[in-house]
1. Just one of (1) touching a strand residue (DSSP E or B) at 6+ places or on another chain (Cβ under 6 Å); (2) at pLDDT below 95 trips up residue 70, so point out which.
2. So residue 19 passes all but one of these: (1) closer than 29 Å to residue 94 by Cβ; (2) within 12 Å of the chain's Cα centre (by Cα); (3) modelled with pLDDT of 95 or more. Which condition number does it fail?
3. Filter the strands (runs of 3 or more DSSP E) completely within the chain down to those with at least 2 residues that are loosely packed, with under 14 Cβ neighbours inside 10 Å, out of contact with any helix residue (DSSP H, G or I) (no Cβ under 6 Å at 6 or more places or on another chain) and free of Cβ contacts under 8 Å to residues at least 24 places away in the same chain.
4. Let me spell it out: the conditions are (1) within 10 Å of the chain's Cα centre (by Cα); (2) over 17 Å from residue 70 (Cβ atoms), and residue 54 meets all of them except one. Which number is the exception?
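The values are calculated or read from the model by the stated rules, or taken from the named source; none is laboratory data. Being a predicted model, the structure only gives us computed values, none of them experimental. Note: ideal-geometry Cβ built from the backbone for every residue, glycine included; neighbour counts use all protein chains shown.
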C-alpha cells in the first residue's frame, strides 16, 4: 500500500525562492531513502511564498523511517525562511 503525503508550507513574505533553494539538498538526500517514490516541491503560481511538497512512499514503515531520520537531523535548512508550521495531509494510494 503506497502512501501520499501532501505538506503545505508558507514562506516568509518574498522568501519562497529562498525556501525552495534551501530545500534542494534535503530533497537530494530523501530521494535516496528506501521507499521514496516521490519527494518534490512546488511553488504556487499565484503566491510564490506558498509551497507544496508531494511525497509518495511505498509503505508506512518507509515513511516512519524517513520522519525519524528527519527528526534525528535536527533543524531544517528551510527554517530561516519558514513563516509557520506546515499543514500535513496523508492519503492511502488506491
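1. If we test residue 70 against (1) touching a strand residue (DSSP E or B) at 6+ places or on another chain (Cβ under 6 Å); (2) at pLDDT below 95, just (1) comes out false.
2. The number of the failed condition is (1).
3. Working: elements: 3-10, 36-43, 50-57, 87-92.
By residue number, 36-43.
4. Against the list (1) within 10 Å of the chain's Cα centre (by Cα); (2) over 17 Å from residue 70 (Cβ atoms), residue 54 comes up short only on (2).
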